[in-house]
Amino acid sequence: MTHTAASDGRYDVLAEACPTRQVVNHIGDRWSLLVLYALEGGTLRFAELRRAVEGITQKMLTQTLRLLERDGLVRREVFAAVPPHVEYSLTPLGRSLSSRIAAIRERAYANMPDIEAARRDFGAPSRPEA
């Protein structure tokens, strides 16, 4: 049985008990979008991913990859070699997110001047009310 929070059986990400919330939380965490973006270019080994996503620790990359693999977005392939060889790639489900990730990235790139201005204005002293 699929658990939903809406009485009509549809998913409702705003409802605490809805399983889609967990998926959205995984995708929207600090590192997942960056890892997914790095994998848009193709298959990478763990060390290559760690270099591609600046600032991520080994522990966080491992945790992020496990969550993304669990959700069916990333494929982990182990090759029998010495030393062990592991590669990560996007699954078809993960690739289906690529255009949406690209849209978020492109929006951020295009709007950075406005975002930076808003941040400056937010920290600026308030004007006295008239």
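Could you go through segment 36-52 and let me know if any residue there is under 10 Å from the mean Cα position of the chain (by Cα) and either farther than 16 Å from residue 86 by Cβ or among the β-branched types (Val, Ile, Thr) (or both).
yes
So which residues in segment 15-68 are basic (Lys, Arg) and outside any helix (DSSP H, G or I)? Reasoning before the result, please.
Taking segment 15-68 as the starting set, the residues that turn out to be basic (Lys, Arg) are 21, 30, 45, 50-51, 59, 66.
Those that are basic (Lys, Arg) and outside any helix (DSSP H, G or I): 30, 45.
Taking the condition of being surrounded by 10 or more Cβ atoms within 10 Å (Cβ to Cβ) and in a strand (DSSP E or B), how many residues in segment 76-130 meet it?
8
Yes/no per residue for (1) at pLDDT below 95; (2) over 16 Å from residue 26 (Cβ atoms); (3) in contact with a strand residue (DSSP E or B) (Cβ under 9 Å, 6 or more places away or on another chain):
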position: 41; (1), (2), (3): yes, yes, no
position: 46; (1), (2), (3): no, yes, yes
position: 56; (1), (2), (3): no, no, no
position: 73; (1), (2), (3): no, no, yes
position: 90; (1), (2), (3): no, no, yes
position: 105; (1), (2), (3): yes, yes, no
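Taking residue 73 as the residue in question, decide whether it is open to solvent by less than 80 Å² (accessible area, probe 1.4 Å), closer than 15 Å to residue 32 by Cβ, touching a Gly at 6+ places or on another chain (Cβ under 9 Å) and not basic (Lys, Arg). Steps first, answer last, please.
Numbers: open to solvent by less than 80 Å² (accessible area, probe 1.4 Å): yes; closer than 15 Å to residue 32 by Cβ: yes; touching a Gly at 6+ places or on another chain (Cβ under 9 Å): yes; not basic (Lys, Arg): yes.
Yes; evaluated as a whole, the condition is true for this residue.
Please work out if residue 42 is loosely packed, with under 12 Cβ neighbours inside 10 Å and within 15 Å of residue 71 (Cα to Cα).
Values: loosely packed, with under 12 Cβ neighbours inside 10 Å: yes; within 15 Å of residue 71 (Cα to Cα): no.
No: the conditions fail for residue 42.
The values are calculated or read from the model by the stated rules, or taken from the named source; none is laboratory data. Quick caveat: nothing in here was measured; it's all calculated off a predicted structure. Here Cβ is always computed from backbone atoms with ideal geometry, including for glycine, and neighbour counts include all displayed protein chains. Note: accessible area is taken over every heavy atom of the protein model, side chains too, but ligands, DNA and RNA are not part of it. Shrake-Rupley method; radii C 1.70, N 1.55, O 1.52, S 1.80 Å.
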